[in-house]
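These notes are about the structure you will find just below.
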Amino acid sequence: MTRAARRLLLSVFCLAFGIGPNLPAAQEAFTLEGHGGPVKGISARADGAILTASFDNSVGLWRDGVPTWLEGHEAAVNAVVPVAGGRVVSGGDDYSVRLWDPQDGSMRELGRHSAKVIRLAVSPDGLRVASASWDRTVRLWSLEGGAPVELAGHANTVSDVAFSADGAQVYTASADGTIRLWDAHTGEFLRRLVQHGFGINALLVARDDSWLAYGAVDGGTRVVALPEATEMGDFTADRRPILAMAHQPDIGRIAVGDAQGYIMMIDTGAWRIAEDFRATASGPVWALAFSPDGQNLHAGGIADAMYSWPTNGLDDATQMTGTERSFLKDPEEMSNGERQFQRKCSICHTLEPDGKRRAGPSLHGLFGRPAGSIAGYAYSPTLAEAQIVWSEETIDLLFDLGPDHYIPGSKMPMQRITKAQDREDLISFLQTATIPD
Ligand code: HEC
């Protein structure tokens, strides 16, 4: 499980507020660094621990800024939630829903969907988990095991899910533009609550089921009163699409993150926009969670770090900074080979020897290296046993045929580079960029 180059950097940007005898402890902005890919899902646990799900295939469980890595997913992890008994459930692009017990290091697959799992919700008793999937279903898993209850009927991918306050019902949001209500025990479809003209990406429900808020692809950000779903508020800004939402009842705030890098805070007492700030100069905000006391807001985007800001100091918040890769660098400045690498490989591979945390092994010293030979990287058995030495010819074959045909059974995602010139340019870029010093 342990990889040599684990790095922890808890950087404290600022001590934002003065400390007086009757004031609560000063809240700080901080980052959690260690992931080797964007942070796609965040949950805050009641005991103060933070859970992060990342594109680097791993889940981070952070206590006082120190990570424990939960590794086993075969692709990006999109969602993670805390469940009963100090355990954790995650779901990702490998279609699986997994239950982890960080105390004894065990992991068990609760089951699978037939497409990626994008969001998770936990029942109020912490004993059931709902997984929303691109296979158009939600499945309700008991932590005890057994077959899931399936909620089927959406006409497009399901994007978000929430339990009712008593755990008896489940709300689902879909790219088909609807929000639906289901029986959490039988899986029976009860009724359609919302019909929005565009796909809905995010959903949240008040702790007492008195209202529901949602965000959509067209930027639509609305609140409706339950049970009739009558309109209560429209906070649609001129931005789209909405990607993430979080709610903190104690401080009366909803946070809304969008693809243009803004976070808008809605005051749920006065039902007005309290703050609106640019959290990142480039890229989306696709994960949001409040700390249990509501003093901090945690956010994830393109950066490999999770950012956290005091909720009462958002005006001064330091922006999330992107990572030197692909979509952020000016493509005009790169050769075609470098551009191929940045766009198609860099999210999973580094070129440096110390191999920062990524889903794939470092490509440093690649040419002449036998396949599956980097010590400490958890290769698939197929690649570890493959009799391949990496060279111009074998790398060319890998992407001409695609990993699924060249090394069937490898963890490397299906991907072909069909143009011979692109493969040639990529290989000549790698030949210089991976040379050991
Ligand atoms: C989404 C993640 C991902 C992307 C994108 C990706 N790879 Fe990989 N790559 C992996 C994983 C995971 C492995 C390990 C596979 C295994 O163990 O079966 C791997 C293995 C490899 C290997 C074998 C390394 C060794 O030590 O044997 C090479 C070579 C490689 N990748 C090159 C590339 C190149 C070049 C690109 C871009 C064109 C690329 N990969 C894109 C995830 C990725």
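The values are calculated or read from the model by the stated rules, or taken from the named source; none is laboratory data. What you are looking at is a predicted structure, and each value in this text was computed from that prediction instead of being measured. FYI the Cβ positions are ideal-geometry reconstructions off the backbone, even for glycines, and counts take in every protein chain you see. Heavy atoms of the whole protein, side chains included, go into the accessibility calculation; ligands, DNA and RNA do not. Shrake-Rupley method; radii C 1.70, N 1.55, O 1.52, S 1.80 Å.
What to note about this one:
- Approximating the spin labels as points 7 Å out from Cα along Cα→Cβ, the Glu188-to-Leu401 distance works out to 5.4 nm.
- Segment 70-86 and segment 239-296: distance between their alpha carbon centers, rounded to Å: 23
- Mean projected area of the convex hull spanned by the Cα atoms of segment 78-175, taken over all viewing directions: 5.6 nm².
- Karplus-derived HN-Hα couplings along segment 419-432 (A = 6.51, B = -1.76, C = 1.60, θ = phi - 60°), whole Hz, x at Gly and Pro: 7, 4, 5, 5, 5, 4, 5, 4, 5, 6, 5, 5, 4, 8
- Surface composition of segment 326-433: carbon plus sulfur atoms hold 54% of the accessible area, using a 1.4 angstrom probe and ignoring ligands, DNA and RNA.
- Translational diffusion coefficient (Stokes-Einstein; Kirkwood radius from C-alpha pairs) of segment 189-299 at 25 °C, 0.890 mPa s, in µm²/s: 175
- The chain, relative contact order [Cα under 8 Å, separation at least 6], %: 10
- Environment charge at Thr236 (Cβ cut-off 13 Å; Lys +1, Arg +1, Asp -1, Glu -1): -3
- Note, ³J(HN,Hα) from phi for segment 189-204, Karplus 6.51, -1.76, 1.60, rounded to Hz, x at Gly and Pro: 6, 9, 6, 8, 9, 9, 10, 9, x, 10, x, 9, 9, 9, 8, 8
- With the simple spin-label model, which puts each label point 7 Å out from Cα in the Cβ direction, the Glu424 to Ser335 separation comes to 1.3 nm.
- Solvent-accessible area per residue for the chain (1.4 angstrom probe, square angstrom): 43
- For the chain: span of alpha carbons on each principal axis (Å, largest first): 64, 53, 45
- Cβ-derived FRET efficiency at R0 41 Å, Val66 paired with Met414, nearest 0.05: 0.70
- Listed residues Thr350, Thr382, Thr311, most fluctuating in the chain (Gaussian network, C-alpha, under 10 Å): Thr382
- Summed side-chain charge close to Gly313 - residues other than Gly313 whose Cβ falls under 13 Å, Lys, Arg +1, Asp, Glu -1: -4
- Alpha-carbon centroid distance for the pair segment 170-231 / segment 369-437, whole angstrom: 45
- Ordering of 361-367, 152-158, 295-301 by burial proxy (mean other Cβ atoms within 10 Å per residue, highest first): 295-301, 361-367, 152-158
- For segment 243-255, putting each phi into the Karplus relation 6.51 cos²θ - 1.76 cosθ + 1.60 with θ = phi - 60° gives couplings of 10, 8, 9, 9, 10, 10, x, 5, 9, x, 9, 10, 9 Hz, in residue order, rounded to whole numbers and with x for Gly and Pro.
- Calculated FRET efficiency, Glu385 to Glu74, Cβ-Cβ distance, R0 = 25 Å: about 0.90 to the nearest 0.05.
- FRET efficiency for the pair Ala152 and Asp238, taken as 1/(1 + (r/R0)^6) with r the Cβ-Cβ distance and R0 = 30 Å, rounds to 0.25.
- Fully extended contour minus Cα-Cα distance, from Ser114 to Glu231, at 0.36 nm per residue: 38.6 nm
- Among Gly368, Gly360, Gly34: highest mean-square fluctuation, GNM of the chain, C-alpha pairs under 10 Å: Gly368
- Which of Ala155, Gly111, Val59, positive extreme of dipole for the chain (C-beta unit charges): Gly111
- Only protein atoms count toward the accessible area here, which uses a 1.4 Å probe; on segment 9-316, the carbon and sulfur part of that area reaches 49 percent.
- Residue with peak Gaussian network fluctuation, the chain [Cα springs, cutoff 10 Å], from Gln260, Gln103, Gln27: Gln103
- For segment 167-229, the list of trypsin sites (Lys or Arg not before Pro) that fall in a loop by DSSP and count at most 14 other C-beta atoms within 10 angstrom reads Arg207.
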